[in-house]
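Colleague: Please see the structure below; I have some questions.
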Amino acid sequence: MERSEIEETGEYDLEGLCHAIDSIGARRVVLDTIETLFGGLSNTAVLRSELRRLFRWLKDKGVTALITGERGEGTLTRQGLEEYVSDCVIAEAERL
């Protein structure tokens, strides 16, 4: 989906994803990449809030999640928050 095709209106949340996980009783989830969920959001505060909420919801539900993400500029992750709300981060070694 192109950024120009996305229109931000109203409140953004991940209720659809949470409902899908609940409805099938998923115990494991893979999100590849986290940026696909939030790539169209320009409001950084909303994006960071939803990231925290998603990680907390998955943890509270006991769902094992493998989430890939992009490296940030000078930070481990793009938003600089993911590594703080995750239980574990595996980083690709720098190429020589």
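Colleague: Go through the range 25-43 and report how many residues are surrounded by 13 or more Cβ atoms within 10 Å (Cβ to Cβ), free of Cβ contacts under 8 Å to residues at least 40 places away in the same chain and over 15 Å from SER4 (Cα atoms).
Modeller: The total comes to 5.
Colleague: Let me ask something additional. With the structure loaded, tell me whether ARG48 is out of contact with any strand residue (DSSP E or B) (no Cβ under 9 Å at 6 or more places or on another chain) and among the charged types (D, E, K, R) or whether it fails that test.
Modeller: Answer is yes for this residue.
Colleague: Confirm whether ASP22 is surrounded by fewer than 11 Cβ atoms within 10 Å (Cβ to Cβ), part of a helix (DSSP H, G or I), of a type in the set (D, E, K, R) and modelled with pLDDT of 80 or more.
Modeller: no
Colleague: Go through the range 57-67 residue by residue and tally those that are of a type outside the set (Val, Ile, Thr) and assigned to a loop (DSSP other than H, G, I, E, B).
Modeller: 1
Colleague: Does LEU54 satisfy the condition of being assigned to a helix (DSSP H, G or I) and either within 22 Å of GLY16 (Cα to Cα) or among the aromatic types (Phe, Trp, Tyr) (or both)?
Modeller: yes
Colleague: Taking into account only those residues within the range 59-96 that are in contact with a helix residue (DSSP H, G or I) (Cβ under 8 Å, 6 or more places away or on another chain) and of a type in the set (A, V, I, L, M, F, W, C), which is farthest from ALA20 (Cα to Cα)?
Modeller: Ranking the candidates gives LEU76 first.
Okay, residues lined up against (1) under 13 Å from the mean Cα position of the chain (by Cα); (2) modelled with pLDDT of 85 or more:
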residue: ALA45; (1), (2): no, no
residue: ARG48; (1), (2): yes, no
residue: ARG52; (1), (2): yes, yes
residue: TRP57; (1), (2): yes, yes
residue: VAL63; (1), (2): no, yes
residue: LEU81; (1), (2): yes, no
residue: TYR84; (1), (2): yes, no
residue: CYS88; (1), (2): no, yes
residue: ALA93; (1), (2): no, no
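Colleague: Scan the range 68-92 for residues that are under 16 Å from LEU31 (Cα atoms), in a loop (DSSP other than H, G, I, E, B) and of a type in the set (D, E, K, R) and jot them down.
Modeller: GLU70, ARG71, ARG78, ASP87
The values are calculated or read from the model by the stated rules, or taken from the named source; none is laboratory data. These figures come from a predicted structure and were not determined experimentally. Counting neighbours? That spans all protein chains shown, and the Cβs are built from the backbone with ideal geometry, glycine included.
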